[in-house]
1. Tell me the residue from Arg142, Arg147, Arg119 that is within 12 Å of the ligand (Cβ to nearest atom) and of a type in the set (Lys, Arg), please.
2. What's the total number of residues in segment 96-116 that are closer than 19 Å to Ile21 by Cβ and outside any helix (DSSP H, G or I)?
3. Looking only at segment 73-87, filter to residues that are more than 10 Å from the chain's Cα centre (by Cα) and more than 8 Å from the ligand (Cβ to nearest atom); which one of those is surrounded by the fewest Cβ atoms within 10 Å (Cβ to Cβ)?
4. Could we say that Arg8 is part of a strand (DSSP E or B) and farther than 14 Å from Leu99 by Cα here?
5. Mind telling me which of the residues Glu113, Glu40, Glu50 ends up being buried (at least 20 other Cβ atoms within 10 Å of the Cβ) and acidic (Asp, Glu)?
6. Looking only at segment 15-31, filter to residues that are closer than 14 Å to Asp54 by Cα and in contact with a helix residue (DSSP H, G or I) (Cβ under 9 Å, 6 or more places away or on another chain); which one of those is surrounded by the most Cβ atoms within 10 Å (Cβ to Cβ)?
7. Does His141 count as over 21 Å from Val48 (Cα atoms), in contact with a strand residue (DSSP E or B) (Cβ under 9 Å, 6 or more places away or on another chain) and without any contact (Cβ under 8 Å) to a residue 60 or more places away in the chain?
8. Consider only pairs whose beta carbons are under 9 Å apart and that are at least six residues apart or on different chains; among these, list those whose first residue lies in segment 17-37 and is touching a residue at least 40 places away in the same chain (Cβ under 8 Å) and whose second residue is among the aromatic types (Phe, Trp, Tyr) and within 12 Å of the ligand (Cβ to nearest atom).
Amino acid sequence: MQTAFTIRPFKADDLEEVMRINRACLPENYSPLFFMDLYERYPSTFIVAEQEGDLAGYIMCRIETGFSSFSLLGIAKKGHVVSIAVLQKFQHKGVGSALMRETMKNMRFKAQECYLEVRVSNLPAVDMYKKLGFDIVRTTHRYYADREDAYVMAKKLKTKDNTWQV
Ligand SMILES: CC(C)(COP(=O)(O)OP(=O)(O)OC[C@H]1O[C@@H](n2cnc3c(N)ncnc32)[C@H](O)[C@@H]1OP(=O)(O)O)[C@@H](O)C(=O)NCCC(=O)NCCS
């Protein structure tokens, strides 16, 4: 039988393991200071998934103020997913979706929208974001260091009748 995973807040002790997952899964890697800065400034949206004591994945975000992805002139508070990764052996088991839902749940007190960049070739990730209610709002050409384009995908965290949707 498959063991369930736990979703919990990141703690400083997780840093080494989160950096290992980041390096194993993504070409965009960061310094320890970068991870800890996001943790210190936005602790409620830095989340990890754990299975039997092993970390399976993480998500870390930033809260920003900027142009809304949904209205041309509006300024919005936006949750920006800076990085999310799930180790290959834990992938396609619901861990990534659970990390996204938990971070959006915590983000909703501080932001009206959530957005992220994703490589146009990263079909599993694009698919996951679509299933979570994200739309492709634009393409940023040559966004990545290897010049690949990024889709910017965004989701409103609040509906017209003022209820939260995550
Ligand atoms: C993208 C990523 C975080 C998804 O995490 P995950 O735990 O595998 O995702 P989930 O199990 O919650 O899958 C949700 C949906 O994503 C899509 N998906 C996930 N893995 C997939 C795969 N290997 N092939 C095709 N679709 C896939 C499916 O639509 C899936 O829904 P389904 O289970 O109904 O088929 C993970 O694949 C990963 O870490 N990839 C490497 C790093 C990365 O690309 N990060 C995102 C950068 S923007």
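Bear in mind these aren't lab numbers, they're just calculated from the coordinates by the rules spelled out. Predicted model, so just to flag it, every value in this text is computed and none were measured. In this analysis, Cβ positions are derived from the backbone assuming ideal geometry, glycine residues included, and neighbour counts consider all displayed protein chains.
1. Numbers: Arg142 fails: within 12 Å of the ligand (Cβ to nearest atom); Arg147 fails: within 12 Å of the ligand (Cβ to nearest atom).
Exactly one residue qualifies, and that residue is Arg119.
2. Going through segment 96-116 one residue at a time, the tally reaches 1.
3. Looking only at segment 73-87, we keep the residues that are more than 10 Å from the chain's Cα centre (by Cα), and these are 73-78, 86-87.
Next, only the ones that are more than 8 Å from the ligand (Cβ to nearest atom) stay: 73-78.
Details: Leu73: 6, Gly74: 11, Ile75: 10, Ala76: 19, Lys77: 15, Lys78: 23.
In this case the residue turns out to be Leu73.
4. Values: part of a strand (DSSP E or B): yes; farther than 14 Å from Leu99 by Cα: no.
Criteria not met by Arg8.
5. Numbers: Glu40 fails: buried (at least 20 other Cβ atoms within 10 Å of the Cβ); Glu50 fails: buried (at least 20 other Cβ atoms within 10 Å of the Cβ).
Among Glu113, Glu40, Glu50, only Glu113 is buried (at least 20 other Cβ atoms within 10 Å of the Cβ) and acidic (Asp, Glu).
6. Start the filter on segment 15-31 by keeping residues that are closer than 14 Å to Asp54 by Cα, which leaves 15-21.
Remaining after also requiring in contact with a helix residue (DSSP H, G or I) (Cβ under 9 Å, 6 or more places away or on another chain): 15-16, 18-19.
Values: Leu15: 14, Glu16: 10, Val18: 22, Met19: 17.
The qualifying residue surrounded by the most Cβ atoms within 10 Å (Cβ to Cβ) is Val18.
7. Spelling it out, His141 is indeed over 21 Å from Val48 (Cα atoms), in contact with a strand residue (DSSP E or B) (Cβ under 9 Å, 6 or more places away or on another chain) and without any contact (Cβ under 8 Å) to a residue 60 or more places away in the chain.
8. Taking only residues 6 or more apart or on different chains, the pairs are Val18/Tyr58; Ile21/Tyr58; Asn22/Tyr58; Pro27/Tyr144; Glu28/Tyr144.
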